[in-house]
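This structure is in C-alpha cells; I'll ask about it shortly.
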Amino acid sequence: MFEFGFTEEQQMLREMVRDFTNNEIKPVASQIDEQEAIPENLIKQIAELGILGVAFPEKYGGGGFGEVGYCITQEEIARGCMSTATFIGAHQSIGANAIYIGGTEEQKQKYLVPLAAGEKIAAFCLTEAQAGSDSFHLKTKATLDGDEWVLNGEKLWITNGAIADIASIFARTEKGISGFIVETDTEGFQPGPPEKKMGIRGSKTNAITLDNVRVPKENLLGRDGRGFIIAMRTLDAGRLGLGAACLGAAKELLQMSTLYAKQREQFNQTISHFQAIQFMLADMATMIYNMESIVYRTAVDYDKGKNISKQSAMVKYYCSEALDKIADYAVQIHGGMGYSKELPVERFYRDSRINRIFEGTNEIQRIIIAKDVLKKNGVM
C-alpha cells in the first residue's frame, strides 16, 4: 500500500524555492533564453539557498532532503525556467551524484562537499558521437601510467561542460568502462564552443576534448571496470529529476492556459466556456496528476534505497511525453499569442522537446521497461 504526504520541512522547502523562482528566476527567464546564459549572480543566489546540494546528506554539505526534496526543488525551478532546472540537474543529479554514488569517503570530502555547497560546479561526461543511446560502446580511453590515468577522447552534448570545475568522466580501460573525477583546469581538458539549440538555450552545452588529460590514480571512481554501473545508477536519479522538472513546467503551462482561457473573449464570451478548451484543460490536469503521482512515488522508493531503474524509466518516458502534449495544448489555447515570444508559452514549448531525447531517449526507456516486464513474466 503506497501512502505519501509531504512533511512540514518539505513544504517549507517548496515555499522557499517557489518564492525564489517567482521573485528571481521568472523575471529573467526570457533574458536567459535570449542571451543563452544564466547570470552568474543568479547561480550564486541558487548556491546560497542550498539548492545545488539539497539532496545530499548534511555531512557532505547538503541539505539532507534526499530525492524527494530534490524533486520538489526541480519542480518549482522549472515553473520559471527549464534552462535553470537543466543546469541544476546536470550539476547535482548526475555530475555530483556520480561521486556520491561511486566515490570513496575521501573523494566525497574533497569533491562532493564543495559541489554540494555550490562552491564548485559539476558536469557528467558519458555521451560520445557513436555512443549516445548505446553508451556502453564509448571509445574514450583511459590508460594507467604510473600513478596517473591518461584520458583521451571526445564527449558530446555535455551540459555545464564549459562552466564546470569538476567532471565525472567515463572512459574505457583494459578492464571495461571506468569512471574518473577530473578537475577541469587540468591540462588537455578542452571545451568546444557552445551548441546552438532550439530550447533550454540558457544551459551551456559543449563538446569536450580530452587530450592526454592526466588524472591522479586516486581519482578513479569506484573499481576499475565497474564505472558503467555507476553511470547507469546515476542516470536513474537523473531521469527522476527530469520528470520532476517536466512536472513543474506542466503545472505552469496549465496555470497560464487556465488564466488565459478565462480572460480571452470570442463570440461574446470567454473561451473557457467552450467545451473544446475545457477538454484540453481537463486532459492537461489529468496528465499532471499522473506525472505528480509517479514522480513522488518513485522518489520515495529511491530514498528508501530501492532499485528504481524501471520506475525512473517510466517517469522519464511518461512525463516527457505528457509535457510535450501539455505544451502543445497550451499553445493551442493561447492561439496566435502562444506562438509569439511575447508570452512564455512559446519558450516552454521549445524547451519541452529535449526531454524526450536527453538522459536516454524515450525509445531506450521503453526498452528498459519492456525488458523488466518480460523478465518478470518469465519470458527472459
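In nm, to one decimal, how far is the modelled label at GLU174 from the one at ARG214, with both set 7 Å along Cα→Cβ?
The answer from the label model is 2.0 nm.
Could you give the nm distance between label points at LYS304 and ASN23, where each point is 7 Å from its Cα heading toward the beta carbon?
Taking the two extended label points, one gets 3.7 nm.
For the chain, give me every cysteine whose Cβ has no other Cys Cβ within less than 4.7 Å, ordered by residue number.
CYS71, CYS81, CYS125, each lacking another Cys Cβ under 4.7 Å.
Evaluate the charge dipole of the chain about its Cα centre and quote only its size in Debye, nearest 20, assuming +1 on the Cβ of each Lys and Arg and -1 on the Cβ of each Asp and Glu.
I would put it at about 1040 debye.
While we're here: Within segment 7-41, name every residue whose backbone N is under 14 Å away from a label modeled 7 Å from Cα of GLU48 along the Cβ vector.
Counting only backbone N, you get 20, 24-25, 40-41.
Working from the alpha-carbon coordinates of the chain, get Rg over Rh, Rh being the Kirkwood radius. Please report the intermediate quantities before stating the final value.
Details: Rg = 20.9 Å, Rh = 21.2 Å.
Checking Rg against Rh, the ratio lands at 0.99.
What are the equivalent ellipsoid semi-axes of segment 8-116, built from the alpha-carbon gyration tensor (square roots of five times its eigenvalues), in whole angstrom, biggest first?
Over the Cα atoms of segment 8-116, the semi-axes work out to 24, 16, 11 Å.
Using only Cα atoms, find the angle between the long axis of helix 66-78 and the longest principal axis of the chain, and express it within 0 to 90 degrees, rounded to the nearest 10.
In the chain, helix 66-78 runs at an angle near 50 degrees to the longest axis.
I would also like to ask the following. So if each residue of separation counts as 0.36 nm, and I subtract the Cα-Cα distance between ASP185 and GLU119, what length gain in nm does that give?
Value of the extension gain: 22.2 nm.
Show which lysines lie in cross-link reach of LYS141 when reach means a straight Cα distance below 16 angstrom and same-chain residues fewer than eight apart are skipped.
Candidates past the 8-residue exclusion: LYS155, LYS175, LYS217.
How many nm separate the modelled label positions at LYS139 and GLU321, each set 7 Å beyond the Cα in the direction of the Cβ?
3.3 nm
By a straight-distance test (C-alpha under 20 Å), which lysines pair with LYS44 as possible cross-link partners, with residues fewer than eight away in the same chain excluded?
Filter leaves LYS26, LYS120, LYS204.
Something else about it: Return a single number: how many Lys pairs in segment 293-359, at a sequence separation of 8 or more or on separate chains, have alpha-carbon atoms below 20 angstrom apart.
4
Relative contact order of segment 122-228, please, whole-number percent, based on alpha carbon pairs below 8 angstrom and at least 6 residues apart.
Answer for segment 122-228 is 32 percent.
Here is a further query. So what's the back-of-envelope 222 nm ellipticity for the chain, counting only DSSP H runs of four-plus at -39500 (n - 2.57) apiece and dividing by all residues, rounded to 500?
Working: 12 runs with 177 residues, N = 380.
Value at 222 nm, helices only, nearest 500: -15000 deg cm²/dmol.
Next question. May I ask for the angle, rounded to the nearest 10°, between helix 227-263 and the longest principal axis of the chain, with both axes built from Cα atoms and the value confined to 0 to 90°?
Taking the Cα atoms of the chain, the angle to 227-263 is about 20 degrees.
Same structure again: For segment 88-151, what class follows from the C-alpha gyration tensor (a ≥ b ≥ c being the square roots of its eigenvalues): rounded when a/c is under 1.5, otherwise prolate if a/b is larger than b/c, else oblate? Please report the intermediate quantities before stating the final value.
Numbers: a/c = 2.51, a/b = 1.29, b/c = 1.95.
In terms of gyration-tensor shape, oblate.
Please return the longest range in the chain lying between exposed loop sites, taking trypsin sites (Lys or Arg not before Pro), DSSP loop only, at most 12 other beta-carbon atoms within 10 Å, and leaving the sites out.
Maximal segment without exposed cleavage sites: 1-174.
Then there is this: Would you kindly state the longest site-free stretch of the chain, with sites defined as GluC sites (Glu not before Pro) in a DSSP loop (not H, G, I, E, B) surrounded by at most 11 other Cβ atoms within 10 Å?
Details: sites that count: GLU3, GLU174, GLU187, GLU342.
In the chain, the maximal stretch lacking such sites is 4-173.
What's the angle, to the nearest 10 degrees (0 to 90), between helix 309-334's Cα axis and the longest principal axis of the chain?
With both axes taken from Cα atoms, the answer is about 40 degrees.
Scan the chain and hand back the longest stretch that contains none of the chymotrypsin sites (Phe, Trp or Tyr not before Pro) lying in DSSP loops with at most 10 other Cβ atoms within 10 Å.
5-266
Classify segment 53-163 as rounded, prolate or oblate from the Cα gyration tensor: take a ≥ b ≥ c as the square roots of its eigenvalues, call it rounded if a/c is under 1.5, otherwise prolate when a/b beats b/c and oblate if not.
On the way: a/c = 2.38, a/b = 1.34, b/c = 1.78.
Here segment 53-163 falls in the oblate category.
Here, each number is a calculation from the coordinates, and none is a lab measurement. The model shown is predicted, which means the values in this text are computed figures rather than measured ones. Reconstructed Cβ throughout: ideal geometry from the backbone, glycine too, with neighbour counts over all protein chains shown.
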